[in-house]
Amino acid sequence: MRAAPICPRCFGPLRPPSAWSSAWRCGPHGDVLPLQPPRHPSSAAVEAISRNALVPVWLPWPLPQGWLVTGLAEAGDGRSGIRATVVAVSGPSLTHGPADMLIIAEEPGVGLGAGFAGLEGTDPGAGFDEGPYHAKIDVKGHPAALWCVDAAPDRAVYVGEALGNWLWVVVWPAEAGYLITLTDLSLRDLRDQDQALDLPFGAFSPRLGGEDA
């Protein structure tokens, strides 16, 4: 039996739509877009999310040496459409063993990136981008600025904007944040049709498990 959707902000249970409301509702956070159960890495999962997503499905490509695609997830439902996407990749870190990275695209207000970052609100917070940017990442051939935000101490979190949506990159452990600042990452949108990527898949990432993230 497929697991129930959960809150994208706190990963808690939701009250499903009813005769009185068409929205999914979280006790602490009110009406939210439901975070659907994560998808194990496969070509079918990539196709399912890419076909229906209203926001980009970002993948670092080429992947860092030794890295694999380890899962996907989406927030939304048949009524709202997919308004947030997550792609998980995992691989070796230069200094601290294995590392995990989530690349999240979402419309403003969804709160999924903030949830994975360990933040209370739905966005990075006022003034996060007032100072100089901390990293730049190539997005479909164009540079996008990212700022590091204070988050849970076990992870590094960078956030910016791309194609009118929030772009979050969350990395475990925190020391592996060098992947954002010191490597030349380039993002592809898996929705684009003019590409043939031979994606390497690995074991499912536990970082997509919501409460275990």
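The values are calculated or read from the model by the stated rules, or taken from the named source; none is laboratory data. A quick note: this is a predicted structure, and the numbers were derived from the prediction, not measured. So basically every Cβ, Gly included, is an ideal-geometry build from the backbone, and we count neighbours across all protein chains shown. When the accessible area is computed, the model is the full protein with side chains, heavy atoms only, and any ligands, DNA or RNA have been set aside. Shrake-Rupley method; radii C 1.70, N 1.55, O 1.52, S 1.80 Å.
Brief remarks follow.
- Matching residues, the stretch 66-81, being at negative phi and surrounded by fewer than 23 Cβ atoms within 10 Å (Cβ to Cβ): Trp67, Leu68, Asp77, Gly78, Arg79, Ser80
- Test: residue in the stretch 172-179 that is under 24 Å from Leu35 (Cα atoms) and either of a type in the set (Asp, Glu) or in contact with a Leu (Cβ under 8 Å, 6 or more places away or on another chain) (or both): no
- Scanning the stretch 71-80 for residues that are among the charged types (D, E, K, R) and modelled with pLDDT under 95, we see that the one that is farthest from Arg9 (Cα to Cα) is Arg79.
- So Ser18, is it touching a residue at least 24 places away in the same chain (Cβ under 8 Å), of a type in the set (Gly, Ala, Ser) and open to solvent by 10 Å² or more (accessible area, probe 1.4 Å): no
- Considering residues of the stretch 124-151 that are in contact with a Pro (Cβ under 8 Å, 6 or more places away or on another chain), touching a residue at least 12 places away in the same chain (Cβ under 8 Å) and not aromatic (Phe, Trp, Tyr) only, the residue nearest to Val57 (Cα to Cα): Ile137
- Any pair with Cβ under 9 angstrom, 6 or more apart, that starts in the stretch 25-54 at a residue that is aliphatic (A, V, I, L, M) and open to solvent by 80 Å² or more (accessible area, probe 1.4 Å) and ends at one that is in a loop (DSSP other than H, G, I, E, B) and modelled with pLDDT under 95: Leu54/Ser80
- Qualifying position, being closer than 19 Å to Val169 by Cα, over 13 Å from the mean Cα position of the chain (by Cα) and at pLDDT 95 or above, among Leu112, Leu59, Leu94, Leu68: Leu68
- Qualifying residue in the stretch 179-194 (condition: open to solvent by less than 70 Å² (accessible area, probe 1.4 Å), of a type outside the set (Val, Ile, Thr) and in a helix (DSSP H, G or I)): yes
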